[in-house]
Amino acid sequence: MLLALAVGLQSADAGTVGALVVPLRQSLHINNIQVGLLVTVSTGVGALATVLAGPLADRTVRVRLLWIALLVCSVAMALSAASPNYGWLLACRVALGAGIAVSGPVVASLVGDYFRPAERGRVYGLVLAGEGTCTAIGLLVAGELGAVGWRLGFGWLAVMGLILSVAVATLLREPLRGGRRPRTDKTADSRRRSIWRELRWVLSIRTNVVLIAASSFGYFFSAGLSTFGVALLCGRFQIGQSVATMLIAVLGVGALTGVLTTGRIADWLTDRGYINARITLGGTAFLAAAALILPTLLADNLLLALTFAFLAGTAMGGVNPPLNAARLDIVHSRLWGTAEAVRSTLVSISTGLAPLAFGAVSTALGGTSRSLGDTFLIMLVMPVVAAGLLLCLARRSYPRDVATAWLPRS
């Protein structure tokens, strides 16, 4: 649960910015591009910092690294709440991005050492359920508080970050590295390894590269949705900020259903000899999400749109648990942190660019609520491409990469 909340803090922050789009624009007199930049800056800095955080997670005490990072995030969020202007708020997002960078590599490495391969899909489902829940809570709480004042939307996250930091420091214990696999001399002598050599090693795994690319496309679309989803509802159906925030949480409920289901199914199928189950389920979920998002965007009736949104959220949420478990299958335990750092860096770049791209395209199309809907239709190509990469490429290379993951490489 603590690992889920640690990952979820980043999602809650992104959801908070999305819920506060309207009050931020009104209070600070900014446009959609500047709102998107708030997310882009933090994720961009996080992408660069993650390159160092991954190898560090493979070489130091991970639990200690995690609670320190959470404390940094808490301070950055508190300063965001006190921002007198847009420039101050943007600067606080830089510090926040550096703190957020640590959570991905550390949590991935800890999941690999805490749990057996046969249950990692289910465990990642629980971790991502916490992440999705935090996104929904971020949208809901910040949206309600944003109706009073946008500073409260950032302030409550600062308090939650502080509580989480203390909980991680006092309740989690550092597990044995690679405890479920035989240790080798190379594993034990981690501090002497070359970081650049490890990065090349991780990127030499074909399935890993395909998984990273597919994840980047999926997170790109999700980041745009979390940032501008509330604004889209407000403009399209002529409803208020608080009501739109409540309705967008339907996506979060759907995603929660998906993440709690596909990981377990993938584990069950894998145990019964279907080695490609995790890849196939992830690709199919991407394809189903794209098919269900289309009628969501075209529906004129609010109830009908919410029904399709729930189903689309279920499919989109079902993508990540099997794929995250698959990444641990194809990489040696001594490189779990580095592998997740590479993935997180490239995904963060994609996620950081998404709000800016969504804002720029919607502005170029006229800056109206209709143009925002057209932007989402254009960006729908992202999950379709992700599905194609997984079903056409990753399914071929995954069995081989699983078989060779624990072989020594020179």
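Please treat every number below as a calculation from the coordinates, not as lab data. Predicted model, so just to flag it, every value in this text is computed and none were measured. Positions of Cβ are generated from backbone atoms using ideal geometry, with glycine treated the same way; all protein chains shown enter the neighbour counts.
Would you mind putting 315-323, 158-166 in packing order, based on average other-beta-carbon counts within 10 Å, highest first?
Those peptides, ordered most packed to least, come out 315-323, 158-166.
In debye to the nearest 20, how big a dipole does region 196-403 give about its Cα centre with +1 on each Lys and Arg Cβ and -1 on each Asp and Glu Cβ?
Taking the Cα centre of region 196-403 as origin, the dipole is about 500 debye.
Considering region 196-403, what Rg and Dmax in Å follow from its alpha-carbon atoms?
Both quantities, over Cα of region 196-403: 17.9, 55 Å.
Taking the chain as the reference, fit the longest principal axis to its C-alpha atoms, fit the long axis of helix 120-146 to the helix C-alpha atoms, and give the angle between the two in degrees, 0 to 90, nearest 10.
The helix 120-146 is inclined about 20 degrees to the chain.
How large is the helix-only mean residue ellipticity at 222 nm for the chain, computed as the sum of -39500 (n - 2.57) over DSSP H runs with n ≥ 4, divided by its residue count, in deg cm²/dmol to the nearest 500?
The per-residue figure over the chain is -27000 deg cm²/dmol.
Loop-only check: which trypsin sites (Lys or Arg not before Pro) in region 316-410 are DSSP coil with at most 15 other Cβ within 10 angstrom?
Filter output for region 316-410: Arg409.
Compute the helix-to-body angle for 62-81: its Cα long axis versus the longest principal axis of the chain, expressed 0 to 90° and rounded to tens.
10 degrees
Rounded if a/c is under 1.5, else prolate if a/b is larger than b/c, else oblate: which is region 335-410, with a ≥ b ≥ c the root eigenvalues of its Cα gyration tensor?
Oblate, since a/c reaches 1.5 and b/c is not below a/b.
Sort 91-104, 56-69 by packing, meaning the average of other beta carbons within 10 Å per residue, with the highest value first. Don't jump to the answer; show the numbers that get you there.
Details: 91-104: 24.4, 56-69: 19.6.
Most protected by this proxy first, the peptides run 91-104, 56-69.
Full extension from Asp271 to Thr170: what is 0.36 nm times the residue separation minus their Cα-Cα distance, to one decimal in nm?
In short, 32.8 nm is gained.
Taking the alpha-carbon centroid of each part, what is the distance from region 350-410 to region 60-124 in angstrom?
23 Å
Considering the chain, what Rg and Dmax in Å follow from its alpha-carbon atoms?
Over the chain's Cα set, Rg and Dmax evaluate to 20.3, 64 Å.
Could you compute the net charge surrounding Thr363? Neighbours are other residues with a C-beta less than 15 Å from the C-beta of Thr363; K and R count +1, D and E count -1.
Values: positive: Arg25, Arg370; negative: Asp374.
Residues close to Thr363 contribute a combined charge of +1.
Using the Cβ atoms and a cut-off under 13 Å, what net charge is assigned to the surroundings of Tyr274, where Lys and Arg are +1 and Asp and Glu are -1? List each step's numbers first, then the result.
Working: positive: Arg272, Arg278, Arg395; negative: Asp267, Asp271.
Summing Lys and Arg as +1 and Asp and Glu as -1 gives +1.
What distance in nm separates the simple spin-label points at Val159 and Leu365, each placed 7 Å from Cα in the Cβ direction?
Calculated label separation equals 3.9 nm.
For all pairs of alpha-carbon atoms in region 228-316, what percent lies in each bin of width 5 Å, listed from the first bin to the last filled one?
Histogram of Cα-Cα distances, whole percents per bin: 3, 15, 21, 20, 14, 10, 7, 5, 3, 1, 0.
Just how large is the dipole of the chain about the Cα centre, in debye to the nearest 20, putting +1 at every Lys and Arg Cβ and -1 at every Asp and Glu Cβ?
It works out to roughly 1360 debye.
Once you order the gyration tensor axes a ≥ b ≥ c over the Cα atoms, which shape class does region 7-53 get: rounded for a/c under 1.5, otherwise prolate or oblate by comparing a/b with b/c?
It comes out oblate by the Cα gyration axes.
What FRET efficiency comes out for His29 versus Ile68 if R0 is 30 angstrom and r is the Cβ-Cβ distance? Round to the nearest 0.05.
Working: r = 36 Å, r/R0 = 1.21.
Efficiency for this residue pair is about 0.25.
Compute the signed sum of charges (Lys and Arg +1, Asp and Glu -1) over the other residues within less than 10 Å, Cβ to Cβ, of Ile265.
+2
What Kirkwood Rh does region 1-174 have if only Cα atoms enter the pairwise 1/r average? Answer in Å.
Details: mean 1/r = 0.0616 Å⁻¹.
Answer for region 1-174: a Kirkwood hydrodynamic radius of 16.2 Å.
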